[in-house]
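Participant: Sharing a structure below in structure tokens format, with a few things to ask.
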């Protein structure tokens, strides 16, 4: 590993790698180098507007996606493939946050701890993708065999101009939704005797709490820097930039461990209905 590489250069190398296996390995390598102090400079390399992607999977509108469930057969493979695609996007989202918001470090807004958090998130997401890809192979499939949707990266593009928008829509809204839905998926997988996939989903569910917590932590940190009230600011971003509708039930225990008070998600549940 080149110790003269800056962290933002490392982020851009991951973002520019089209092959999922390269994204994963580069993430492991750069995260290890950052933790070991071999990479020390954050740098100023600018990220691409979109990360490089393999030719497959084909990207469809969310409503055109094949049905998925924790039951048996093809629908279970559809489920695993869809989550693997989310995790691959999440690798890029974490590195994009590192590079895109690096100027806030030189401006004295963001400390090194912000970058520690998102490098850690990228490392987790790479491992999640690898676990799910391995499971697909065990079930006779592979990542790219099925279509996927581009909703997560559309949210990234819609929040590229403001770190508060990114933290609000990516970890605090979309990733937090996974805290609500994953326990039910795990329960159904175990009911269908797929304990291997259920164990993977359990790992993801536990570790995503830390990812949502990072979003809450840096959202509130930047709100304090800008003298903004967090909950009303969050509600404003959801109302103006999220056009879907998020409904309960909410996993209040997991959200609480991530530092999300109920007024956050009650607020966005109301705000999202206006979009």
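Taken together, the values in this text are just the output of simple stated rules run on the coordinates, not laboratory data. Since this is a predicted model, take the numbers as computed values, not measurements. No Cβ is skipped: glycine too gets one built from the backbone with ideal geometry, and neighbour counts run over all protein chains shown.
Participant: With Rg and the Kirkwood Rh both taken from Cα atoms, where does Rg over Rh land for region 51-183?
Facilitator: Details: Rg = 15.9 Å, Rh = 15.9 Å.
Reported Rg/Rh (Cα atoms, Kirkwood Rh): 1.00.
Participant: Hey, another quick one. Distance from a point 7 Å along Cα→Cβ of residue 240 to each backbone N in region 159-189: keep the residues under 15 Å and list them by number.
Facilitator: 159-169
Participant: Okay, next question. Looking at the square roots a ≥ b ≥ c of the eigenvalues of the Cα gyration tensor of region 152-275, which shape do they give, rounded for a/c under 1.5, prolate if a/b is larger than b/c, or oblate? Spell out each step's value before the answer.
Facilitator: Numbers: a/c = 2.04, a/b = 1.86, b/c = 1.10.
It is prolate, given that a/c is not under 1.5 and a/b is the larger ratio.
Participant: Rounded to the nearest 0.05, what FRET efficiency do residue 266 and residue 75 have when you use their Cβ-Cβ distance and R0 = 41 Å?
Facilitator: Details: r = 32 Å, r/R0 = 0.79.
The pair residue 266/residue 75 has a calculated efficiency of 0.80.
Participant: Under a point spin-label approximation (7 Å from Cα along Cα-to-Cβ), what is the residue 203-residue 16 distance to one decimal in nm?
Facilitator: 3.1 nm
Participant: So what is the 222 nm mean residue ellipticity for the chain from helices alone, if each DSSP H run of at least 4 adds -39500 (n - 2.57) and you divide by all residues, rounding to the nearest 500 deg cm²/dmol?
Facilitator: Working: 12 runs with 175 residues, N = 275.
Taken over the chain, the calculation gives -20500 deg cm²/dmol.
Participant: Another question about this same structure. Could you tell me the center-to-center distance, by alpha carbons, between region 1-46 and region 194-246 in angstrom?
Facilitator: When both Cα centres are located, 24 Å separates them.
Participant: With each pseudo-label sitting 7 Å past Cα toward Cβ, what's the residue 142-residue 25 distance in nm, one decimal?
Facilitator: Once both label points are built, they end up 1.6 nm from each other.
Participant: Shifting gears a bit: Points 7 angstrom from Cα along the Cβ direction at residue 112 and residue 158: gap in nanometres?
Facilitator: Inter-label distance under the simple model: 3.6 nm.
Participant: When the chain is fully extended, how far beyond the present Cα-Cα distance does residue 36 get from residue 196, taking 0.36 nm per residue of separation?
Facilitator: Values: separation 160, 0.36 × 160 = 57.60 nm, distance 3.26 nm.
Gain on stretching residue 36 to residue 196: 54.3 nm.
Participant: Using only alpha carbon pairs under 8 Å that are at least six residues apart, calculate the relative contact order of the chain and give it in whole percent. Provide the component values of the computation, followed by the final result.
Facilitator: Working: 375 pairs, mean separation 48.6, N = 275.
The normalised contact order for the chain reaches 18 percent.
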